[in-house]
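Before I ask anything, here is the structure I am working with.
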Amino acid sequence: MGEYALAPRLKIELVTIFPRMFDGPLGESMIKRAVEQKLVQVEAIDLRLFAEGRHRQVDDEPYGGGRGMIFKPEPLFKAVENLRNRSGHTRPRVILLTPQGRQFNQELARELAQENHLILLCGRYEGVDERVRTGLVDDEISIGDYVLTGGEIPALVLTDAVVRLVPGFLEEETLVEESYAAQLLEYPHYTRPPEYRGMRVPSVLLSGDHGRIALWRRQQQLERTRKRRPDLLKKAELSPADQRYLDSLDSLNDQ
Ligand code: ADE
């Protein structure tokens, strides 16, 4: 078997000044399993290794004045160039995590899961030198409209969402079901016991009738999404039966 056959399906390199922040999350649970199965390779890279001088300074004061420190361009450019050089045949996609980026969502996670190699740059402090944005990165991604202290947790969020979609990680059926349900919220789940503190499991789930169960679940998804996230319904792929069910809910409301 050549080396190519042993290559992981996806390599993710996280460039950070806090590489140890990743030890816990990457060493546990699902991602750990994917790494053990050699499906993915995830590695935290210390940005300071690419900084010059005795102090290995990665940041500096902003030109023009103002508060806070800005990530210097040189360490980030050097880090990416170094990772690109050692990557051989893969063409890495370089992503900067920043609140100013395009909003991360399931569709983007699916797109990134098709790549072979991601380099995630975790910003810190007030920001990064603009030349990193214009001359180094392919994408800027935000995980939501709130500001965290740095890009490490966003990079982990992205890693988790992408790794579970790498072909071979989940069972094919789970992904098919997930894409069928895309843009809808989940239906309610129950497990044993059938009654707990007076709260009963809906009888349809105990009926053994798979057709009825599937219909009930789909209707629950539609109802929940309509109530909690009507914005999602506009983008969802709905069958004529789905649409009829939603119309029936609307007319109930109108009465
Ligand atoms: N860095 C700080 N806040 C962030 C956010 N919401 N998304 C991505 N990177 C960030």
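Quick one: which of ASP250, ASP231 is surrounded by fewer than 16 Cβ atoms within 10 Å (Cβ to Cβ), under 24 Å from ILE143 (Cα atoms) and not assigned by TED's automatic domain parsing to the domain that holds ARG20?
ASP231
Please name all residue pairs, on different chains or six or more residues apart, with Cβ atoms under 6 Å, provided the first residue is in segment 91-110 and is under 21 Å from ARG131 (Cα atoms) and in the same structural domain as VAL80 (by TED's automatic domain parsing) and the second residue is polar (S, T, N, Q) and surrounded by fewer than 20 Cβ atoms within 10 Å (Cβ to Cβ).
PRO99/SER142; GLY101/SER142
How many of the residues making up segment 126-142 are part of a loop (DSSP other than H, G, I, E, B) and among the acidic types (Asp, Glu)? Steps first, please.
At the first step, the residues of segment 126-142 found to be part of a loop (DSSP other than H, G, I, E, B) are 126, 129, 136-138.
Retained after the next criterion (residues that are among the acidic types (Asp, Glu)): 126, 129, 138.
Total satisfying the criteria: 3.
Residue by residue, here is whether (1) exposed (fewer than 12 other Cβ atoms within 10 Å of the Cβ); (2) more than 19 Å from the chain's Cα centre (by Cα) holds:
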position: ALA7; (1), (2): no, yes
position: GLY27; (1), (2): yes, no
position: MET30; (1), (2): no, no
position: VAL42; (1), (2): no, no
position: PRO62; (1), (2): no, yes
position: GLY66; (1), (2): yes, yes
position: MET69; (1), (2): no, yes
position: PRO99; (1), (2): no, no
position: GLN103; (1), (2): yes, no
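In segment 126-142, how many are within 10 Å of the ligand (Cβ to nearest atom) and farther than 19 Å from VAL166 by Cβ? Show your work before the answer.
Step one: list which residues in segment 126-142 are within 10 Å of the ligand (Cβ to nearest atom), which gives 127, 140-142.
Still in the list and also farther than 19 Å from VAL166 by Cβ: 127, 140, 142.
So the answer is 3.
Right, another one. Could you tell me whether any residue of segment 87-105 is among the small types (Gly, Ala, Ser) and in contact with a Phe, Trp or Tyr (Cβ under 8 Å, 6 or more places away or on another chain)? Before the answer, list the steps.
Taking segment 87-105 and keeping what is among the small types (Gly, Ala, Ser), we get 87-88, 101.
Cutting the leftovers down to in contact with a Phe, Trp or Tyr (Cβ under 8 Å, 6 or more places away or on another chain) gives us none.
Checked against the condition, which is being among the small types (Gly, Ala, Ser) and in contact with a Phe, Trp or Tyr (Cβ under 8 Å, 6 or more places away or on another chain), segment 87-105 yields no hits at all.
Do any residues in segment 22-33 that are more than 10 Å from ASP160 (Cβ to Cβ) have Cβ atoms under 6 Å from those of residues that are small (Gly, Ala, Ser) and surrounded by 13 or more Cβ atoms within 10 Å (Cβ to Cβ), where the two are at least six apart or on different chains, and which pairs are they?
PHE22/ALA44
Additional query: Checking the structure you have, find out if any residue of segment 11-28 is more than 18 Å from VAL137 (Cα to Cα), away from the ligand (no atom under 16 Å from the Cβ) and at pLDDT 95 or above.
Checking segment 11-28: at least one residue is more than 18 Å from VAL137 (Cα to Cα), away from the ligand (no atom under 16 Å from the Cβ) and at pLDDT 95 or above.
Within segment 143-154, work out how many residues are near the ligand (Cβ under 8 Å from one of its atoms) and crowded, with 20+ Cβ neighbours inside 10 Å.
Of the residues in segment 143-154, 3 are near the ligand (Cβ under 8 Å from one of its atoms) and crowded, with 20+ Cβ neighbours inside 10 Å.
Looking only at segment 101-125, which residues are within 16 Å of the ligand (Cβ to nearest atom), part of a loop (DSSP other than H, G, I, E, B) and over 20 Å from GLU81 (Cβ atoms)?
PHE104, ASN105, TYR125, listed by residue number.
Okay, next question. Inside segment 155-169, can you point out the residues that are surrounded by 14 or more Cβ atoms within 10 Å (Cβ to Cβ) and not basic (Lys, Arg)?
ALA155, LEU156, VAL157, LEU158, THR159, ASP160, ALA161, VAL162, VAL163, LEU165, VAL166, PHE169
I'd like to verify a number: residues in segment 227-241 that are of a type outside the set (Lys, Arg) and more than 18 Å from GLU178 (Cβ to Cβ), how many?
Adding up the residues that qualify gives 4.
The rows are residues; the columns are (1) part of a loop (DSSP other than H, G, I, E, B); (2) in contact with a Lys or Arg (Cβ under 9 Å, 6 or more places away or on another chain); (3) of a type outside the set (A, V, I, L, M).
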residue	(1), (2), (3)
GLU223	no, no, yes
LYS235	yes, no, yes
LEU238	yes, no, no
ASP242	no, yes, yes
TYR245	no, yes, yes
ASN253	no, no, yes
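Next question. Of the residues that make up segment 191-200, is at least one without any contact (Cβ under 8 Å) to a residue 60 or more places away in the chain, exposed (fewer than 14 other Cβ atoms within 10 Å of the Cβ), part of a helix (DSSP H, G or I) and touching a helix residue (DSSP H, G or I) at 6+ places or on another chain (Cβ under 9 Å)?
no
The values are calculated or read from the model by the stated rules, or taken from the named source; none is laboratory data. What you are looking at is a predicted structure, and each value in this text was computed from that prediction instead of being measured. Reconstructed Cβ throughout: ideal geometry from the backbone, glycine too, with neighbour counts over all protein chains shown.
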